[in-house]
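J.: Quick one: the structure is below, questions incoming.
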Amino acid sequence: MQKCIIGKKIGMTQIFDELGKVIPVTVVEAGPCVVVQKKTTEIDGYEAVQVGFGDIKLKNVNKPMQGHFNKADVACKRVLKEFKLDDYANVEVGTVIKADTFTVGDVVDAHGTSKGKGFQGTIKRNNNARLKETHGTGPVHRHAGSMGACSSPSRIFKGKALPGHMGAENVTVQNLEVVKVDVENNLIAIKGAIPGPKGGVVFINDSIKKA
């Protein structure tokens, strides 16, 4: 059975294995989630399940979405995410998904939005080298340098490393190992770092490519 869940990144810490070896882990508040809708080939053109996470006040949900949740007879959720599952037919609307879906040793993929860095220069954004600060360099020692915009090609080639918005991108980290599951508190500890800031939403599912 394929596994999937939506969670909130609590932060990073470290735990020790049986031999006393330190393991850096990311702690995720995994669920509880609920299946809100089943997408069908006849109606939607594909098969998937829509999972909801995080309660939200009714007054903050518009009327169309209220009807969507009422149809499934579930409480309104803040985050919705679709997962394509092999055992799609065995999942029913209203099914609750908790942290005990995963077990120690599972290999998973984590999807999230990386930290936003705002507008950054070419040195931080693209790891460009800086110019020397002496002998006539002037106030341009952190600038992007020549653009090559002569009569030919008279333009900037697409993909050139330039200053701009950095971060806040969709990131997927594959082949992460689940090293601890706290069923009582709906927490799972995943070895290594996963994308997103503290408190950010993460989507976790079985690894597409097993380690």
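The values are calculated or read from the model by the stated rules, or taken from the named source; none is laboratory data. In this text, all values refer to a predicted model and were calculated from it rather than measured experimentally. Counting neighbours? That spans all protein chains shown, and the Cβs are built from the backbone with ideal geometry, glycine included. Surface areas here come from the heavy atoms of the whole protein model, side chains and all, with no ligands, DNA or RNA. Shrake-Rupley method; radii C 1.70, N 1.55, O 1.52, S 1.80 Å.
J.: Among the listed residues Leu187, Leu162, which satisfies the condition of being within 25 Å of Gly52 (Cβ to Cβ) and open to solvent by less than 60 Å² (accessible area, probe 1.4 Å)?
T.: Leu187
J.: Something else now. Consider Ser151 against the criteria (1) open to solvent by less than 40 Å² (accessible area, probe 1.4 Å); (2) farther than 30 Å from Ile10 by Cβ: it satisfies all of them except one. Which criterion is unmet?
T.: Only one criterion is unmet by Ser151, namely (1).
J.: What single numbered condition from (1) out of contact with any Phe, Trp or Tyr (no Cβ under 8 Å at 6 or more places or on another chain); (2) open to solvent by 60 Å² or more (accessible area, probe 1.4 Å) fails to hold for Val22?
T.: (1) is the only condition that Val22 fails.
J.: Return the residues of the stretch 165-180 that are over 21 Å from Asp100 (Cα atoms), open to solvent by less than 80 Å² (accessible area, probe 1.4 Å) and touching a Ser or Thr at 6+ places or on another chain (Cβ under 7 Å); say none if nothing qualifies.
T.: Gly167, Ala168, Val171
J.: Based on what the data block shows, is Ala144 surrounded by 13 or more Cβ atoms within 10 Å (Cβ to Cβ), in contact (Cβ under 8 Å) with a residue 12 or more places away in the chain, out of contact with any helix residue (DSSP H, G or I) (no Cβ under 8 Å at 6 or more places or on another chain) and in a loop (DSSP other than H, G, I, E, B)?
T.: no
J.: What number of residues in the stretch 112-141 are within 30 Å of Val171 (Cβ to Cβ), open to solvent by 60 Å² or more (accessible area, probe 1.4 Å) and part of a loop (DSSP other than H, G, I, E, B)?
T.: Of all residues in the stretch 112-141, those within 30 Å of Val171 (Cβ to Cβ) come to 112-130.
Subsequent filtering for residues that are open to solvent by 60 Å² or more (accessible area, probe 1.4 Å) retains 113, 115, 117, 119, 124-125, 127, 129-130.
Still in the list and also part of a loop (DSSP other than H, G, I, E, B): 115, 127, 129-130.
Number satisfying all stated conditions: 4.
J.: Determine whether Gln66 is more than 20 Å from Lys198 (Cα to Cα) and either buried (at least 19 other Cβ atoms within 10 Å of the Cβ) or in contact with a strand residue (DSSP E or B) (Cβ under 8 Å, 6 or more places away or on another chain) (or both).
T.: Considered against the rule, which asks whether it is more than 20 Å from Lys198 (Cα to Cα) and either buried (at least 19 other Cβ atoms within 10 Å of the Cβ) or in contact with a strand residue (DSSP E or B) (Cβ under 8 Å, 6 or more places away or on another chain) (or both), Gln66 comes out as no.
J.: Val49 is checked against (1) in contact with an Asp or Glu (Cβ under 9 Å, 6 or more places away or on another chain); (2) without any contact (Cβ under 8 Å) to a residue 12 or more places away in the chain; (3) not charged (D, E, K, R) and fails just one. What number does that condition carry?
T.: (2)
J.: Among the residues in the stretch 54-73, are any under 20 Å from Ile204 (Cβ atoms) and either assigned to a helix (DSSP H, G or I) or modelled with pLDDT of 90 or more (or both)?
T.: Checking the stretch 54-73: not a single residue is under 20 Å from Ile204 (Cβ atoms) and either assigned to a helix (DSSP H, G or I) or modelled with pLDDT of 90 or more (or both).
J.: Could you tell me whether any residue of the stretch 35-43 is under 17 Å from Ile188 (Cα atoms), open to solvent by less than 40 Å² (accessible area, probe 1.4 Å) and either touching a Lys or Arg at 6+ places or on another chain (Cβ under 9 Å) or outside any strand (DSSP E or B) (or both)?
T.: no
J.: Based on what the data block shows, is Val74 surrounded by 12 or more Cβ atoms within 10 Å (Cβ to Cβ) and more than 23 Å from Lys9 (Cβ to Cβ)?
T.: yes
J.: I need a count of the residues in the stretch 190-211 that are in contact with an Asp or Glu (Cβ under 9 Å, 6 or more places away or on another chain) and surrounded by 14 or more Cβ atoms within 10 Å (Cβ to Cβ).
T.: Looking only at that region, the number is 9.
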